[in-house]
Amino acid sequence: VVTESVYLNSLVLDVLTLNSEKITNQNIKIKFDAQEDYYIESDHFLVITILRNIISNAIKYSNKDGEVNVILSRQNEKINCKISDNGIGIAKQDLESISNPFFRSNSTDHPEIKGTGLGLSIVKRITELLHIKFKIESEIEVGTTVILSFNEKMQTLS
Ligand code: ATP
Ligand code: MG
């Protein structure tokens, strides 16, 4: 773990670019909203790993012509990143298990969507390690919202 300035706006744009083929193929409408250039003191690789997993889930579990919104905002010394989709959603009873390694929630209803079930377990471990708040809200067939809350000053091992 290293400490460096991690520029969140450009990191979000990088992750969206990495997913551009899927965005085009599924005809997903992307909205990205940020009032400032936000940055935190953290580890670039760990933060991009979190965002890659969350944003690629939002796209992967979207319906065709779906919408994915990414909003960066500030609340005092906290920087929040909210990623929401209007995709297939997660059943209430699965929400508490969703970050367990290899757990996959929609695998029976949507066998065509492939994955290993590891992404969110990795996100959970990194957010614990860096003391980043991580919350998932979801409703089946309505969509999913993930909220990450970073501490602007220091988001490292301590
Ligand atoms: P991978 O390891 O390739 O990321 P995965 O996407 O199946 O595989 P996770 O990212 O850990 O695994 O997600 C776990 C499960 O949570 C998924 O299988 C899916 O059922 C559910 N899930 C995660 N994000 C969303 C989302 N945005 N919308 C609906 N379901 C989701
Ligand atoms: Mg995933």
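Among the residues of region 40-67, those identified as away from ligand 2 (no atom under 16 Å from the Cβ), part of a helix (DSSP H, G or I) and surrounded by 16 or more Cβ atoms within 10 Å (Cβ to Cβ) are Leu46, Val47. Taking region 92-120 as the range and being over 13 Å from Lys60 (Cβ atoms) and either within 6 Å of ligand 1 (Cβ to nearest atom) or part of a loop (DSSP other than H, G, I, E, B) (or both) as the test, the residues that pass are Ile98, Ser99, Asn100, Pro101, Phe102, Phe103, Thr108, Asp109, Pro111, Leu118.
Inspect region 124-143 for any residue being in a helix (DSSP H, G or I), within 17 Å of the chain's Cα centre (by Cα), of a type in the set (S, T, N, Q) and at pLDDT 95 or above and give the result as yes or no.
Yes, that holds for at least one residue.
The values are calculated or read from the model by the stated rules, or taken from the named source; none is laboratory data. Everything numeric here is computed off the predicted structure, so don't read it as measured data. Because the Cβ atoms are built from the backbone with ideal geometry, glycine has one as well, and the counts that use them run over all protein chains shown.
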